[in-house]
Amino acid sequence: MIVADTPKIRFKGFADAWEQRKLSDVADVRDGTHASPKYFETGHPFVTSKNVKDGSINYDDVQYISDEDFEEINKRSKVDLNDILMGMIGTIGNIALIRTAPDFAIKNVALVKDTKQINYLYLYHFLQSNKTTKQLSGSLDGGTQKFISLGNIRNLDIDIPSEEEQNKLGRYFESLDTLITLHQHKCDATKELKKYMLQKMFPRNGKKNPEIRFAGFIGDWEQRKALELAEYSKGNGYSKGDLTEVGTPIILYGRLYTKYQFAIDEVDTFVIPKSSSVYSQGNEVIVPASGETAEDIARASAVEKSGVLLGGDLNILRPFDFINPLFLALAISNGEPQKALAKKAQGKSVVHIHNSDIQEVTISYPLRAEQDQIVAVFRYLDHLITFHQRKCDELKEVKKFMLQNMFPQKG
């Protein structure tokens with residue numbers, strides 16, 4: 001028996017040595033077909049390495065095969081519940097655990113069958129550890145397109161504790177995955193709800209009222225050119241090359257489409273101020289003046305804090321009192337106003353929007369009290385999205401740390 005190194009972190013009460021075995025000693029490892037069957041619009045999904053992602057099967061761009069081909073492939077490599085899949089080409093080492101009854105065939109994917117010789121949850125998470133990643137990266141074959149052979153996968157060193165410790169580790173990492181999935185689903189569901197509410201709480205198709213309104217608000221929304229809703233100016237100076245670790249907070253135009261928020265209340269980029277700089281007074285609406293595509297730059301954000309530098313490639317709107325700045329940012333960034341603004345963007349490799357373009361866009365708006373309530377809805381939805389995304393990211397970091405410390409790292 002080869003004695004494996006022990007991990008840095010263990011559950012209380014466990015002190016026994018771990019055993020090192022080859023993957024092929026504890027699991028039946030196969031691969032899928034090497035043939036290329038005919039594809040159809042419907043049928044059985046045909047899963048390849050690119051479809052193995054984030055612990056599950058991504059069916060977004062999967063192709064389909066006939067019943068006959070499905071049955072022929074599955075004579076050799078039938079996928080069952082609790083089996084583990086590992087990408088062999090392209091997305092090398094990406095793995096998925098089969099948690100629901102499968103109805104697909106595989107190609108360029110290693111199939112690790114659940115043989116009951118090792119806890120499948122333990123093995124699934126061990127195959128995500130740093131030790132496995134290092135082994136895989138040192139076992140690649142091929143030239144331009146790298147791949148890992150079935151032999152090298154079978155030859156992976158697997159460190160195995162007692163059955164009781166396997167079970168406990170498997171359950172622990174499964175609980176982390178469950179929490180990560182929960183928060184990601186809630187984040188995605190809230191994003192979908194926000195998208196739906198943006199469609200329903202602003203007028204569409206030339207109508208003067210939205211489909212959803214708060215109780216007590218009646219009457220048509222007013223329509224005016226954006227010229228009549230704000231004062232206009234431009235930012236000044238600065239580029240990415242001016243950014244420093246500390247200094248005065250600044251917003252550059254790229255943030256508005258690489259890290260879009262309709263309300264900006266915190267800024268994490270800084271510069272050393274220059275003369276003739278433009279500072280926010282609080283509650284400005286900013287629209288990028290240039291970008292790669294019209295859709296990228298046809299959007300607006302409200303800057304809630306004063307004292308933030310506004311870079312040169314920004315159009316600046318200071319709304320009049322009857323317009324909530326955050327409402328204006330939402331209105332510009334969605335529906336007909338956004339489409340109209342995108343059409344005005346000019347350029348090829350780089351497109352531009354000027355203040356004069358924004359001023360010609362028609363904006364529909366209700367009384368300020370209704371604007372404020374609409375803004376409150378989207379603030380709350382953004383708060384939920386941020387909360388669940390942050391929790392998801394934190395849990396992923398916890399899992400990453402535990403994968404490094406609850407499994408042996410040395411050979």
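The values are calculated or read from the model by the stated rules, or taken from the named source; none is laboratory data. Since this is a predicted model, take the numbers as computed values, not measurements. Don't worry about glycine lacking a Cβ; one is built from the backbone with ideal geometry, like all the others, and counts go over all protein chains shown. These area figures cover heavy atoms from the full protein model, side chains too; ligands, DNA and RNA do not enter into them. Shrake-Rupley method; radii C 1.70, N 1.55, O 1.52, S 1.80 Å.
Within 19 Å of Leu169 (Cβ to Cβ) and outside any strand (DSSP E or B), is that true of Lys116? Working first, answer last.
Values: within 19 Å of Leu169 (Cβ to Cβ): yes; outside any strand (DSSP E or B): yes.
Yes.
Mind listing whichever residues of the range 41-53 are open to solvent by 60 Å² or more (accessible area, probe 1.4 Å) and out of contact with any Asp or Glu (no Cβ under 8 Å at 6 or more places or on another chain)? Can you show your working first?
Pass one, the range 41-53, residues open to solvent by 60 Å² or more (accessible area, probe 1.4 Å): 41-42, 50, 53.
If the condition is that a residue be open to solvent by 60 Å² or more (accessible area, probe 1.4 Å) and out of contact with any Asp or Glu (no Cβ under 8 Å at 6 or more places or on another chain), then Glu41, Thr42, Lys53 are the ones that fit.
Please state which one of Val351, Val398 is crowded, with 17+ Cβ neighbours inside 10 Å and in contact (Cβ under 8 Å) with a residue 12 or more places away in the chain.
Details: Val398 fails: crowded, with 17+ Cβ neighbours inside 10 Å.
Of the residues listed, the single one that is crowded, with 17+ Cβ neighbours inside 10 Å and in contact (Cβ under 8 Å) with a residue 12 or more places away in the chain is Val351.
Of all residues in the range 233-255, one or more are touching a residue at least 24 places away in the same chain (Cβ under 8 Å), part of a strand (DSSP E or B), surrounded by 11 or more Cβ atoms within 10 Å (Cβ to Cβ) and over 30 Å from the mean Cα position of the chain (by Cα).
Taking Gly32, is it out of contact with any Phe, Trp or Tyr (no Cβ under 8 Å at 6 or more places or on another chain), buried (at least 16 other Cβ atoms within 10 Å of the Cβ), more than 24 Å from Asn167 (Cα to Cα) and at pLDDT below 90? The answer is yes for Gly32. Within the range 165-188, residues that are under 17 Å from Ala96 (Cβ atoms) sit with their Cβ atoms under 8 Å from residues that are of a type in the set (Lys, Arg), at 6+ positions apart or across chains, in these pairs: Phe173/Lys399; Leu176/Lys399; Asp177/Lys399; Ile180/Lys396; Ile180/Lys399. Scanning the range 54-77 for residues that are at positive phi and open to solvent by less than 30 Å² (accessible area, probe 1.4 Å) returns a single hit, Gly55. Take the residues of the range 1-24 that are open to solvent by 70 Å² or more (accessible area, probe 1.4 Å) and of a type in the set (Val, Ile, Thr): which is modelled with the highest pLDDT? Result: Ile2. Looking at the range 24-82, the strands (runs of 3 or more DSSP E) lying wholly inside it that each contain 2 or more residues that are within 18 Å of Lys113 (Cα to Cα) sit at 28-31. Scanning the range 354-395 for residues that are open to solvent by 20 Å² or more (accessible area, probe 1.4 Å), hydroxyl-bearing (Ser, Thr, Tyr) and in contact (Cβ under 8 Å) with a residue 24 or more places away in the chain turns up Thr362, Ser364. Scanning the range 138-156 for residues that are in a strand (DSSP E or B) and open to solvent by 30 Å² or more (accessible area, probe 1.4 Å), we see that the one that is nearest to Lys107 (Cα to Cα) is Phe147.
Yes/no matrix, rows are residues, columns are (1) closer than 23 Å to Thr133 by Cα; (2) touching a strand residue (DSSP E or B) at 6+ places or on another chain (Cβ under 8 Å); (3) open to solvent by less than 40 Å² (accessible area, probe 1.4 Å):
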| position | (1), (2), (3) |
| --- | --- |
| Asp159 | yes, yes, yes |
| Ser175 | yes, no, no |
| His183 | no, no, yes |
| Lys207 | no, no, no |
| Ala226 | no, yes, yes |
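Being over 26 Å from Lys38 (Cα atoms) and charged (D, E, K, R) is the filter; apply it to the range 84-137 and report the residue that is farthest from the chain's Cα centre (by Cα). Looking at the filtered set, the residue picked out is Lys116. The residues of the range 305-316 that are of a type outside the set (A, V, I, L, M) and either closer than 17 Å to Ser233 by Cβ or open to solvent by less than 50 Å² (accessible area, probe 1.4 Å) (or both), listed by number, are Ser306, Gly307, Gly311, Gly312, Asp313, Asn315.
Could you tell me whether the range 284-304 includes any residue that is over 28 Å from the mean Cα position of the chain (by Cα), farther than 15 Å from Ile353 by Cα, in contact (Cβ under 8 Å) with a residue 12 or more places away in the chain and surrounded by 14 or more Cβ atoms within 10 Å (Cβ to Cβ)?
Within the range 284-304, the subset over 28 Å from the mean Cα position of the chain (by Cα) is 284.
The next check asks that each one be farther than 15 Å from Ile353 by Cα; those that pass are 284.
Applying the additional criterion that residues be in contact (Cβ under 8 Å) with a residue 12 or more places away in the chain yields 284.
Adding the requirement that they be surrounded by 14 or more Cβ atoms within 10 Å (Cβ to Cβ) leaves 284.
There is at least one residue in the range 284-304 that is over 28 Å from the mean Cα position of the chain (by Cα), farther than 15 Å from Ile353 by Cα, in contact (Cβ under 8 Å) with a residue 12 or more places away in the chain and surrounded by 14 or more Cβ atoms within 10 Å (Cβ to Cβ).
Scanning the range 339-389 for residues that are in contact with a helix residue (DSSP H, G or I) (Cβ under 6 Å, 6 or more places away or on another chain) and in a strand (DSSP E or B) returns Val351, Ile363.
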